[in-house]
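Here's the structure, in structure tokens; my notes come after.
The values are calculated or read from the model by the stated rules, or taken from the named source; none is laboratory data. All figures in this text were calculated on a predicted structure; none of them were measured in a lab. Heads up, the Cβs are rebuilt from the backbone with ideal geometry, glycines too, and the neighbour counts pull from every protein chain shown. Areas reflect the complete protein model, heavy atoms only, side chains present, ligands, DNA and RNA absent. Shrake-Rupley method; radii C 1.70, N 1.55, O 1.52, S 1.80 Å.
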Protein chains: 2
Amino acid sequence: MEMDQSCPGTVEPILEILDSKWMILLLYELFNGNRRFGELRRRLHPISPKTLTDRLRLLEEKRLITRTLYPGVPLHVEYDLTVAGQGLQPIFAAMWTWTQEYGAYLRKESDKAEEETGTVM
Amino acid sequence: MEMDQSCPGTVEPILEILDSKWMILLLYELFNGNRRFGELRRRLHPISPKTLTDRLRLLEEKRLITRTLYPGVPLHVEYDLTVAGQGLQPIFAAMWTWTQEYGAYLRKESDKAEEETGTVM
DNA sequence: CTCCATAGTTCATTTTTTGAAACTATTGCA
DNA sequence: TGCAATAGTTTCAAAAAATGAACTATGGAG
């Protein structure tokens with residue numbers, strides 16, 4: 001994969017996007033076609049509207065989504081992934097694959113208890 | 001990639017690992033064979049020893065690295081990626097690919113200034 | 001001219017994360 | 001005994017992120 005010579009930190013710009021709370025789940029909803037503010041808010045409950053707005057604005061600023069206002073009664077807004085946004089899918093796919101292969105291997109809270117009481121080690 | 005039916009949040013456990021400050025760069029160093037505390041500390045300067053310890057302990061707890069103490073003078077410690085840790089590489093690769101394809105498209109700070117002054121839009 | 005529904009914003013507060021500085025622990029050599 | 005080198009830990013403060021509650025804006029129906 002060749003990240004060896006050149007790029008400490010090359011990959012960080014994406015992490016600045018992905019690594020805030022709710023962002024992964026938000027992108028998941030967008031990938032699945034949930035595009036309206038209220039709908040996203042309900043599905044991500046109990047996210048606060050401020051946080052949801054912050055995330056959407058960041059995605060918009062980074063041009064991973066577009067925001068379209070439809071006037072009318074009631075007015076509504078749709079958020080759509082751009083090509084760059086859709087291009088994130090392989091990253092999610094890789095995470096998903098990793099989770100399939102190794103996720104069960106991750107230590108859970110329950111394991112710690114076991115270890116402390118000597119049940120496992 | 002099929003994350004459609006089943007898995008809102010399936011992928012989050014990884015993010016809990018990747019999304020703290022320094023973690024990406026730390027894993028980068030580990031992938032490249034830098035394994036000792038002092039070495040990591042120097043390469044990630046100005047990381048604080050507390051934060052470096054926190055990150056290493058998290059990776060250890062999640063069983064993505066092992067910690068081996070070598071007694072002697074001076075004593076030293078080595079951190080090595082487990083198979084599960086090495087298995088993260090495709091995720092980094094996907095991020096790297098995305099960055100190649102779309103990274104230049106990400107809005108930078110400088111672009112904002114342009115937009116505000118009307119140079120671009 | 002008030003109401004409903006959507007889509008937010010504002011502000012004070014809490015929670016979480018990060019950091020800096022100073023201190024501890026281990027080992028063997030001089 | 002004291003020192004040098006590694007690898008941390010501890011404590012407290014600072015900074016960043018997230019939250020909750022209440023408020024604003026829009027526009028047509030009644």
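Some observations on this one:
- For the rotational copy relationship between B and A, the axis lies nearest to a chain B beta carbon, identified with its distance in whole angstrom as B:Asp19, 2.
- Ligands, DNA and RNA aside, A:Glu16 has an accessible area near 120 Å² when probed at 1.4 Å.
- Interchain or long-range residues, amide H under 5 Å from A:Ile65's placed H: A:Glu60, A:Thr82
- Taking all protein chains together, A:Lys62, A:Lys21 sort by accessible area into A:Lys21, A:Lys62, largest first [probe 1.4 Å].
- Using a 7 Å Cα-to-Cβ projection, B:Glu16 label spacings across copies, nm, ascending: 2.7
- Phi angles across region B:64-72 convert, under the Karplus curve 6.51 cos²θ - 1.76 cosθ + 1.60 with θ = phi - 60°, into 3J(HN,Hα) values of 9, 9, 10, 10, 10, 9, 10, x, x Hz, Gly and Pro given as x.
- Positive minus negative residues near B:Glu39 (Lys, Arg vs Asp, Glu; Cβ under 15 Å): +4
- Ranked order, B:His45, A:His76 - accessible area, probe 1.4 Å, largest first: B:His45, A:His76
- The same position B:Glu60 in the other copies lies at 4.6 nm from this copy, comparing label points 7 Å beyond Cα toward the beta-carbon, shortest first.
- Nearest-first distances (nm) between copies at A:Val83, label 7 Å from Cα via Cβ: 4.1
- Taking amide H atoms as placed 1.01 Å from N in the peptide plane, the amide H of A:His76 lies under 5 Å from those of A:Tyr70, each 5 or more residues away in sequence or on another chain.
- The alpha carbon convex hull volume per residue for region A:1-83 rounds to 112 Å³.
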